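Undergrad: My questions all concern the structure below.
The values are calculated or read from the model by the stated rules, or taken from the named source; none is laboratory data. None of the values given here were measured: they were computed from a predicted structure. Positions of Cβ are generated from backbone atoms using ideal geometry, with glycine treated the same way; all protein chains shown enter the neighbour counts. In case anyone asks, the SASA skips ligands and DNA or RNA and just uses the protein heavy atoms, side chains included. Shrake-Rupley method; radii C 1.70, N 1.55, O 1.52, S 1.80 Å.
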Amino acid sequence: MTSPAAAGRVRRLSPRKRAQRVRWVQYAVLVVAVVVLVSVADLPQIQKVFFRGDLIVDTLTQGLGRALFNTVAYALGAFVLGLVLGTILALMRLSSVGPYRWIATVYIEFFRGLPAIIVLLAFGLLPLAFPGLEIPFGIYGTVWSALGIVAAAYMAETIRAGIQAVPKGQVEAARSLGMPAGAATRKIVLPQAFRIVTPPLTNELILVVKDSSLAYIIGLSSTSFDLTKYGRDLANTNANLTPLVIAGLCYLLITLPLTFAVRRMEAKTARAR
Amino acid sequence: MTTHPSPTRTSSPPGDAVVEITDLRKSFGSVEVLTNITTAISQGEVVCVIGPSGSGKSTLLRCINLLEQPTGGTVLVDGIDVTDPDCDIDRVRSRMGMVFQQFNLFSHLTVLDNCTVAQQVVHRRDKSQAEQVARSNLEKVGLADRADAFPAQLSGGQQQRVAIARALSMEPDLMLFDEPTSALDPELVGDVLAVMRRLASEGMTMIVVTHEMAFAREVADRVIFMDGGVIVEEGHPDRVIGDPQHHRTRTFLKRVLDPTHVDPDADVEPGDDRRAQIKEAELSARGEPRVSSDMRDQRF
């Protein structure tokens, strides 16, 4: 029998020692999990399903470039349209004219609440519903308007928050120099607001890139396939996932450099904040 | 007492008043911040407005260039009534520089661009012409070498001097200063005051809301003491600061000039409640997330 004090000293670990043991346990769990996965997994089968060599070549050569271009084109057009429309909506939300505020609010709540796919379907069917109506730029115009209109609803709220985050003293200074309200907004408020909302807008751009995969719903011809549709068709034909994996990697090829570029840009403009 | 004639005013002919304020009233909600202010500022005059926090000094200044919409009365600037809805306020403002307590430099623009942007928009000057004006004014405030810096890279004192150069680049007839040194570290105050002193000696008409009594005494042609939204006393600085006639002026000056002084017969200042009320009304009017109501009307 040891005394209680001595027992305490033996049994109780110091917090640092305990933390170290916890870490060991975490590493051990990780190692066990990996070992189990590797021993259970049928590696050749996985390779055949996800990374089949001949299918990689097929995917790369049968029009991946075109699909990549289409995805970028759909997303970029929709984003630009959304940005312009979103800015107008944000200014409307802040307007002193009541009806403008109401219209903007209704628009934002409406299109934020709808699935993008419904808006896309609606735009795809518009020419049928209105005979003679033709959306300019064909399939591109349809995707741009549908996705842009949805993106605008999200971006409007972001941009509005950015405008409101610009200190009021900035407007007062501009107005006190004799600048009219519109010029103060264009030259002073909006540039600062966009600087503030660059990170959330990047997020929005990435969302639009991914939403462009919904374009298939309006029925695309093979030259207007986006990455997802292209990869899915090849995957279906071959009953193999390799084309989808390639398509997925292509999305990362778009979004990762984008994130990186924006981060660089932010660091550069940080000195002006 | 509110319309107390000042010695300086009687010495200048009434015709060359740059600013004429008559029965000016301003309320924020139910709180009346300015009550029947009447005064005039002549060409070349330097007027310092002093008074306790919450006396309505800043609001008076902001009513002159209509950053606040007066509730009643008239404000004539160069004979133009700025309270008249038909008045082209942007044009009047372009001849009236304003320097803010918080500098309010455009943070996304360089020092040079801060001084050129309004010239290009308002005076329609081309870039090189605007830059020439800007550089000469930056030289004047001693910051010609920082033209390419961004505001965030400057000290508070430098930022305030840029703000003065920015206002001067519009070539105003009148400069309004709203506590220009109150947000500065004490060792940076001197540079800003030196620039203002020089401006005054060059004959610029200036209205300065300030707590710098030594500056007011040295530079001002006239001092206006405000408390509770009225002009309590105005006149030559030697009289208002050196030999104040009114009890409230004396109490205020004692507090400012000797903060350790305790007034034996004034445990609670009778005006304190009203001052707190005014200050709160002023702050809540300016602190709302949107641009103040009268600015909003003109916004889009």
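Undergrad: Enumerate the helices (runs of 4 or more DSSP H) found wholly within segment A:32-101, keeping only those where 3 or more residues are touching a Phe, Trp or Tyr at 6+ places or on another chain (Cβ under 7 Å) and open to solvent by less than 50 Å² (accessible area, probe 1.4 Å).
TA: A:64-93
Undergrad: If the Cβ limit is 6 Å and pairs must be 6+ apart or interchain, which residue in segment A:199-216 that is touching a residue at least 12 places away in the same chain (Cβ under 8 Å) pairs with which residue that is among the aliphatic types (A, V, I, L, M) and surrounded by fewer than 18 Cβ atoms within 10 Å (Cβ to Cβ)?
TA: A:THR202/A:VAL262; A:LEU214/A:ILE117
Condition check ((1) among the aliphatic types (A, V, I, L, M); (2) more than 24 Å from A:ARG175 (Cβ to Cβ)) across all residues:
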site	(1), (2)
B:VAL111	yes, no
B:CYS115	no, no
B:GLN153	no, yes
B:SER182	no, no
B:PRO186	no, yes
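Undergrad: Among (1) closer than 26 Å to B:ASP272 by Cα; (2) open to solvent by 30 Å² or more (accessible area, probe 1.4 Å); (3) part of a strand (DSSP E or B), there is one condition B:LEU34 misses while meeting the rest; what is its number?
TA: Of everything listed in (1) closer than 26 Å to B:ASP272 by Cα; (2) open to solvent by 30 Å² or more (accessible area, probe 1.4 Å); (3) part of a strand (DSSP E or B), B:LEU34 misses just condition (2).
Undergrad: Also, quick follow-up: Among the helices (runs of 4 or more DSSP H) lying completely within segment A:106-209, list those that include at least 1 residues that are under 30 Å from B:PRO172 (Cβ atoms), of a type outside the set (Phe, Trp, Tyr) and open to solvent by less than 30 Å² (accessible area, probe 1.4 Å).
TA: Per the criteria, A:138-165, A:168-176, A:181-184.
Undergrad: Considering each of A:GLY98, A:GLY138 in turn, give the residue that is more than 22 Å from the chain's Cα centre (by Cα) and on the phi > 0 side of the Ramachandran plot.
TA: A:GLY138
Undergrad: Check off (1) open to solvent by 70 Å² or more (accessible area, probe 1.4 Å); (2) modelled with pLDDT of 90 or more for B:PRO264 and give me the number that stays unchecked.
TA: (2)
Undergrad: Would you mind finding the one in A:VAL208, A:VAL189 that is of a type in the set (Val, Ile, Thr) and within 30 Å of B:ARG91 (Cα to Cα)?
TA: Result: A:VAL189 is the single residue among A:VAL208, A:VAL189 that is of a type in the set (Val, Ile, Thr) and within 30 Å of B:ARG91 (Cα to Cα).
Undergrad: Of the residues B:ALA216, B:ALA183, B:ALA167, which single one is within 21 Å of B:ILE41 (Cα to Cα) and within 12 Å of another protein chain (Cβ to nearest Cβ)?
TA: Being within 21 Å of B:ILE41 (Cα to Cα) and within 12 Å of another protein chain (Cβ to nearest Cβ) holds for just one of B:ALA216, B:ALA183, B:ALA167, which is B:ALA167.
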